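Below: the structure, in structure tokens.
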Amino acid sequence: MGVMNDLTLLAEQHLTLAHGADHGRSAHLFLHDGPLRQSVIALVAGAELEEHNAPPAASLHVLRGRVRLHTSDGDTDLAAGQVMSVPQGRHAVTALDDAVVVLTTVTANQEPVVVYDTRRGTGAA
């Protein structure tokens with residue numbers, strides 16, 4: 001059985017650490033299982049995760065406060081309790097209030113790739 005994590009406690013701890021950090025943020029990878037990763041990220045109001053590339057699949061779940069997700073398609077504000085997928089491409093996150101989010105990412109596709117040979121006709125020997 002895996003380790004049980006208390007997200008409420010992690011959120012409080014990392015928000016406290018973020019307040020003491022020069023860059024106003026603190027993060028902790030609390031789950032790493034194959035390609036699946038989950039991190040708690042705390043940001044003080046006004047702090048930013050600078051623009052970066054999205055992994056193959058990701059979601060952002062706001063536990064506390066409000067954040068703004070900046071993408072090439074525009075900005076989306078998320079409040080505590082809201083979750084959304086992170087669009088592919090470059091993006092950034094800004095804390096509108098003191099905020100804590102859970103970032104869930106899938107870094108690779110572990111499903112087997114099925115390749116169909118379309119050059120063969122059906123029933124050919």
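Would you calculate the separation in nanometres between label points at Ser59 and Asp77, each defined as 7 Å from the Cα along the Cα-to-beta-carbon direction?
About 2.4 nm separates the two model spin labels.
Going by amide H atoms built from the backbone, whose H comes under 5 Å of the H on Leu96, apart from near neighbours?
Gly46, Arg66, Val67, Arg68
For Asp33 and Met84, calculate 0.36 nm times their separation in residues minus their Cα-Cα distance, and state this gained length in nm to one decimal.
Details: separation 51, 0.36 × 51 = 18.36 nm, distance 2.12 nm.
Using 0.36 nm per residue and subtracting the Cα-Cα distance, I get 16.2 nm.
Take each of the peptides 70-76, 102-108, average the number of other beta-carbon atoms within 10 Å over its residues, and list them starting from the highest. Could you put the intermediate results ahead of the total?
On the way: 70-76: 12.0, 102-108: 16.4.
The most tightly packed comes first, giving 102-108, 70-76.
Only four residue types carry charge here, +1 at the Cβ of Lys and Arg and -1 at the Cβ of Asp and Glu. Report the dipole size of segment 7-106 about the Cα centre in Debye, rounded to the nearest 20.
180
No lab work stands behind these numbers, since they all come straight from the coordinates. Keep in mind that what you see is a predicted model, and the values were worked out from it rather than measured. For neighbour counting, all protein chains shown are included, and Cβ atoms are generated from backbone atoms with ideal geometry for every residue, glycine included.
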